[in-house]
Every structure is written in C-alpha cells, then in structure tokens.
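First up is the structure itself, then whatever we jot down about it.
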Amino acid sequence: MKLASLKNNTRDGQLVIVSNDLTRYTDAFDIAPTLQAALDDWRRIAPRLATRAGEIENGDAATQPFEQMACESPIPRPYQWLDGSAYINHVELVRRARGADIPDSFYYDPLMYQGISGTTAAPFDPIPLGDPLWGCDMEAEICVITDDVPAGISETDAAAHIKLVLLCNDVSLRGLIPSELAKGFGFLQSKPACAFSPVAVTPDALGSDWRNSLVRRPLRVDYNGKAFGRADAHQDATFNLAQLVAHAAKTRPLIAGTIIGSGTVSNKGPDGGPGKPVSEGGVGYSCIAEIRMIETINSGQASTPFMQSGDHVCIEMHDRNGRSIFGRISQTVEAIT
C-alpha cells in the first residue's frame with residue numbers, strides 16, 4: 001500500500017491512496033482525513049486503506065492522475081523526527097578526516113539526535129539558504145514511520161511497529177555544526193526542515209526488498225543532473241531500522257507518527273576503504289560531506305564545494321523493474337535574504 005498527502009490549503013494535507021506505479025490515486029477522506037489520523041488508529045484504519053488500495057489495482061476504484069508535485073511530505077507536521085546514524089562508514093570517514101578515533105560504543109550503541117519537529121518541506125520545495133558560508137548539504141536517507149511504540153521495547157518487537165517506509169533529504173548546514181556541537185547540546189540551527197518523499201509505503205509493498213528491517217535497493221542521488229550516489233541501502237548498515245526504533249524508545253514511548261531516519265546511506269569501497277565517485281565506477285555518496293572527507297584524507301584538503309544557490313538535488317529509489325517506489329525528492333537551493 002502506498003500513501004500520500006496532497007496539498008489542500010490545510011496544514012496537514014489530504015490523505016490519498018496511490019497506485020503501485022504512482023500514476024493514479026483515490027481519496028481516503030471517508031476512512032481517515034490525514035495520515036496522522038490514520039496512524040493514530042492504525043490497527044482499525046489500515047485494513048480499510050489496504051482494501052481500497054486493492055480496488056485501485058483491480059480497477060474497481062475511481063481514480064485521478066497522481067502528480068508528485070501536488071504533494072506535501074507524507075506527514076507535514078510530524079510530532080517527532082529522530083535521526084540516527086545506521087551507517088558507521090559515514091561516521092568513520094568524518095572522524096578519520098579530522099584525525100579522531102571511533103569509540104567502540106558507536107558499533108553497538110546507535111547515534112541519534114532529536115531533529116526539527118512540527119514542520120517539513122514538501123518534496124519539491126526549494127532549500128532556502130541565507131548564507132553560502134553555512135555549508136549547505138543534502139543527506140539522502142531511508143526513514144520509517146511508527147505507530148505508538150511502548151518504552152523499553154525489544155529490537156525484535158520494534159519491527160512490528162514500523163508501519164511505513166519513505167525517503168528523506170535531511171538538509172544540513174555543515175558550517176554551523178561545529179560551534180553547535182562544541183556547546184554540548186547538539187544540533188539546532190544547523191538542521192533546518194527536512195523534505196520527505198511524496199509517497200510512504202507499507203513494508204509489505206517492498207516485497208523481498210524489505211528484509212531484516214532494511215531496504216535492499218540502491219538509493220539514487222543525482223546532483224545538478226549527474227549521478228552522485230547509488231549506495232545500496234542495506235549494504236554496510238551497522239544497525240537496522242528496527243534497532244533504531246528500539247534505541248529511540250529505550251526510556252520513553254514513541255507517539256504514532258514518529259519518523260526515524262537511518263542517517264546518511266553510506267557504502268565502503270570493494271576493498272573496505274573509502275568509496276569512489278559514480279564517475280569512477282563506484283557507488284558514490286549520499287551527501288557532499290562524505291566526498292569532502294575522502295578528498296581530505298587523500299590530498300589533505302576538500303575540493304568539492306557545498307551547495308550554492310541554483311544547485312539541484314534529486315533523491316529517488318527504483319524497484320527491480322525500474323519504477324520509482326516512493327516518488328522523488330527534487331529540490332533546488334534558493335538564496336534568501
């Protein structure tokens with residue numbers, strides 16, 4: 001089942017059910033007006049949504065053409081956005097570039113921060129940038145949306161609370177991060193609104209490409225019209241998404257509609273070392289910081305600039321038949337004053 005939230009002059013959008021090929025949709029207002037409302041009563045609402053999704057595929061439901069640009073992020077005002085770091089290769093590169101070791105705990109105790117909640121960017125919204133020195137970067141991630149998760153849940157049981165999967169562009173302002181982290185309280189100004197994919201899908205809709213709470217497909221990142229990243233979303237994952245859910249809920253419950261991110265999807269090279277750009281036969285990168293770290297490791301300084309006004313990023317994932325699974329995030333940096 002695939003769900004989206006259409007823009008409708010309200011703050012939470014209109015819940016619709018989308019065909020598997022993302023070409024058609026039908027209204028779900030009589031079942032649940034918003035995705036958050038559906039998640040609040042998921043056990044009762046989900047079977048009704050699934051029945052109507054089946055009617056779309058069977059030609060038994062009235063449909064309209066689906067336009068991704070008409071979508072909000074699936075939950076425009078999430079109660080909670082928590083971002084992890086499931087791919088330790090990304091962390092290793094960042095720390096190696098500045099000569100820092102990786103604590104052993106990073107391999108069994110996930111990193112996670114409390115991100116911006118209550119607002120998102122729509123998947124085709126511009127990325128506003130007030131100052132190029134802020135170091136604007138994209139971060140392509142896999143995310144999950146949960147129902148109500150009890151505190152202290154096990155990793156095994158946490159998997160059943162993953163109700164939807166989607167993509168994210170977790171925008172980071174790299175130039176603001178060091179001073180914020182130095183204060184000891186974590187990210188704030190350096191993490192503006194994220195954009196999520198137009199469509200969120202139930203894990204069963206991924207078929208065999210959803211296994212062990214990981215998506216087993218390459219995450220496609222195009223930057224200024226060129227292939228930038230093709231990292232496999234299950235390769236080199238130190239933690240799966242159920243482990244991140246359990247980590248987030250260790251001491252507190254998670255409310256339905258909580259979004260949890262994987263962190264930047266990152267693969268090692270075939271030899272276990274840093275990966276190569278797509279143009280050199282590698283799988284590339286899901287953020288600019290990673291290639292800058294590799295440049296620093298190899299030559300002593302970074303040469304790839306962060307995003308500037310007019311730069312464009314597209315994030316998408318295709319199924320085994322080459323069809324878009326979640327729709328695409330397509331954003332251009334826009335200077336603001």
Exercise. Once you have the alpha carbon radius of gyration of the range 106-207, what is it after dividing by 2.2 N^0.38 Å, with N set to its residue count?
Worked result: 1.25
For this session: Just the number, please: carbon plus sulfur as a percent of the accessible area of the chain, 1.4 Å probe, no ligands or DNA/RNA counted.
Result: 49
Seminar exercise, completed: One finds, for residue 60 and residue 114 with R0 = 35 angstrom and r their Cβ-Cβ distance, a FRET efficiency to the nearest 0.05 of 0.20
Exercise. For residue 95 and residue 208 in one chain, what is 0.36 nm times their gap in residues minus the Cα-Cα distance, to one decimal in nm?
Worked result: 37.2 nm
Problem set entry | Distance between modelled label sites at residue 156 and residue 276, nm, 7 Å Cα→Cβ extension | 4.3
Exercise. Can you run phi through the Karplus equation (6.51, -1.76, 1.60; θ = phi - 60°) for the range 73-86 and list ³J(HN,Hα) in whole Hz, with x for Gly and Pro?
Worked result: 4, x, 10, x, 10, x, 5, 8, 10, 10, 10, x, 9, 6
Seminar exercise, completed: Taking max minus min of the Cα coordinates of the chain on each principal axis, largest first, gives extents in Å of 61, 44, 40
Exercise. From the cross-link list 226/276; 2/268; 250/276; 191/250, which pairs have alpha carbons spaced over 26 Å apart?
Worked result: 2/268; 250/276
Exercise. Out of residues 5 or more away from residue 211 or on other chains, whose amide H comes under 5 Å of its own, with H placed 1.01 Å from N in the peptide plane?
Worked result: 216
For this session: May I ask you to derive the relative contact order of the chain, considering only C-alpha pairs under 8 Å and at least 6 residues apart, and to give it as an integer percent?
Result: 23
Seminar exercise, completed: About its Cα centre, the range 84-134 carries a charge dipole, from +1 on Lys and Arg Cβ atoms and -1 on Asp and Glu Cβ atoms, whose size in debye to the nearest 20 is 100
Exercise. How many Å² of accessible area per residue for the chain, probe 1.4 Å?
Worked result: 43
For this session: Take the Cβ-Cβ distance between residue 312 and residue 133 as r, set R0 to 22 Å, and report the resulting FRET efficiency rounded to the nearest 0.05.
Result: 0.60
For this session: Give me the number: length gained by fully extending residue 21 to residue 102, i.e. 0.36 nm times residue separation minus the C-alpha to C-alpha distance, one decimal in nm.
Result: 24.9 nm
For this session: Tell me which residues come under 5 Å, amide H to amide H, from residue 8 once H is placed; ignore anything under 5 positions away on its chain.
Result: 13, 14
Problem set entry | Charged-residue dipole, Cβ positions (Lys, Arg, Asp, Glu), the chain about Cα centre, Debye nearest 20 | 120
Exercise. In deg cm²/dmol, rounded to 500, what helix-only [θ] at 222 nm does the chain give when every DSSP H run of at least 4 residues adds -39500 (n - 2.57) and the total is split over its residues?
Worked result: -5500 deg cm²/dmol
Problem set entry | Protection-proxy order for peptides 243-253, 262-272, each taking the mean of Cβ atoms within 10 Å per residue, highest first | 262-272, 243-253
Exercise. Once fully extended, how much extra length lies between residue 11 and residue 185, figured as 0.36 nm per residue of separation less the alpha-carbon to alpha-carbon distance?
Worked result: 59.6 nm
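The values are calculated or read from the model by the stated rules, or taken from the named source; none is laboratory data. None of these values were measured; they are calculated from a predicted model. FYI the Cβ positions are ideal-geometry reconstructions off the backbone, even for glycines, and counts take in every protein chain you see. The protein model used for the area step is the full one, side chains on, heavy atoms only, and it has no ligands, DNA or RNA in it. Shrake-Rupley method; radii C 1.70, N 1.55, O 1.52, S 1.80 Å.
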